[in-house]
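To keep things clear, I will list the structure first and then write my remarks on it.
The values are calculated or read from the model by the stated rules, or taken from the named source; none is laboratory data. All figures in this text were calculated on a predicted structure; none of them were measured in a lab. Positions of Cβ are backbone-derived with ideal geometry, glycine not excepted, and every protein chain shown enters the neighbour counts.
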Amino acid sequence: MESDRSYWVALSFVRGIGAVRFQRLLDFFGTARDAWSATESDLQQAGMPSQTCQNLLALRKSLDVGAIWDKIAAQGIQVVTWEDDTYPERLHTIDAAPPVLYMRGEVSSVDAWAVAIVGTRRVTRYGRQVAEELAAALAAQGITVVSGLARGVDGVAHRAALRAGGRTLAVLGSGVDKIYPPEHRHLADEICAQGAILSDYAPGTPPDAVNFPPRNRIIAGLSLATVVVEAGESSGALITARFALEQGREVFAVPGNIYAPLSVGPNRLIRDGARPLLSVDDLLDALNVSRVAQYRQARLALPDDPVEAQLLSLLENESLHVDELSVHANLPVSEVSAALTMMELKGLVRQVGSMHYVAVRETPADYDTLEKPSDDI
């Protein structure tokens, strides 16, 4: 059965429509359904190049939108779009965030506090020890571990987080029904039970070398910080680090033997300004873990007071002045001000200007130095 979300899926199949053009289509047509059924003339008016228009028109003749949607649903795969509340908030802030994500498992609000651990597939004993200890320590603090399900450092980090009882997210360079490497299928199932595997590649997409560098932007985009454990000169982990820097996120690198090929990447990152990770505490201190735990508790607890709940719902999507809140909530200004003061102490809202408030969606002000969201494109 077709749904509005099914047309997001259909548009995501069109060669030449990435995040920027997808947004143009939504801005021009209003919905993905209307963009999918538009004429060539209207598509061109929306800013689509001629070849992209031809690609869409050709696909529209051959693609059964309802059948594709039913097949995805039958596989138990979730489809998450920009418009969904379940879309990862931190990922939403990066440039060219994927319009559609395919997911098995669940992304939770607590995953806003996440760290990516990446590195070589040919991990050494030293790299394995560091990745295991780091992932376990983060998981013990309630911080989600993000990686790419690859052999080596990725697999070590996922498994260590699971053993510690923590959450972990795996981002694939294939469809979520095409687990790679194949020996990680059981690991993928375990991750789905304590986190999620996700991809912006449609189900059925096989793993391909060209898919992995682009998916690394999602690994970085989901995370407060990225840690590179071991990496050679051309390692994909360095691509993840570059994306993290472009997104305004912190990058840590584990220093190693200057003569070891797998330490070349991290050592060069340190030379170029990445933070050297000399102990797990370096990362935990930078993340201010005690504040993360306190804040997470406050955010997970729904406001007991109905006035607070009402104000929080009004502030979820925009900042409002106290007077505007008073009008929308039909409450006296004095009562609104008193409630906002209490909500600020709980970390539920923050003041962003003279008597203007907004809901705190991801991280408290303490993390402004860790994340500098890019403007939406």
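Just a few scattered comments:
Residues checked against (1) out of contact with any helix residue (DSSP H, G or I) (no Cβ under 7 Å at 6 or more places or on another chain); (2) at pLDDT 95 or above; (3) under 25 Å from Pro214 (Cβ atoms):
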| residue | (1), (2), (3) |
| --- | --- |
| Arg15 | no, no, yes |
| Ala35 | no, yes, yes |
| Leu43 | no, yes, yes |
| Gln54 | yes, yes, yes |
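- Across region 32-44, not a single residue is classified as surrounded by 20 or more Cβ atoms within 10 Å (Cβ to Cβ) and under 18 Å from Thr205 (Cα atoms).
- Just so you know, in region 63-88 the residues that are in a loop (DSSP other than H, G, I, E, B) and of a type in the set (D, E, K, R) include one that is modelled with the lowest pLDDT, and it is Asp85.
- Residue match in region 117-130 (condition: part of a loop (DSSP other than H, G, I, E, B) and farther than 19 Å from Ala253 by Cβ): no
- Every condition in (1) surrounded by 21 or more Cβ atoms within 10 Å (Cβ to Cβ); (2) without any contact (Cβ under 8 Å) to a residue 24 or more places away in the chain holds for His186 except the one numbered (1).
- Test: residue in region 89-96 that is of a type outside the set (Lys, Arg), free of Cβ contacts under 8 Å to residues at least 12 places away in the same chain and assigned to a loop (DSSP other than H, G, I, E, B): no
- Restricting attention to region 284-309, the residues being surrounded by 18 or more Cβ atoms within 10 Å (Cβ to Cβ) and at pLDDT 85 or above number 1.
- Residue check, Asp64 surrounded by fewer than 16 Cβ atoms within 10 Å (Cβ to Cβ) and in contact with a helix residue (DSSP H, G or I) (Cβ under 7 Å, 6 or more places away or on another chain): no
- Criterion violated by Gly142 - all others in (1) part of a helix (DSSP H, G or I); (2) touching a residue at least 40 places away in the same chain (Cβ under 8 Å) satisfied: (1)
- Number of positions in region 183-202 that are touching a Lys or Arg at 6+ places or on another chain (Cβ under 9 Å) and either part of a strand (DSSP E or B) or over 26 Å from Ala97 (Cα atoms) (or both): 9
- Filtering region 261-283 to residues that are buried (at least 17 other Cβ atoms within 10 Å of the Cβ) and more than 26 Å from the chain's Cα centre (by Cα) leaves Leu262, Ser263, Val264, Asn267.
- Residue in region 332-344 that is surrounded by 15 or more Cβ atoms within 10 Å (Cβ to Cβ), of a type outside the set (S, T, N, Q), closer than 25 Å to His92 by Cβ and at pLDDT below 85 present: yes
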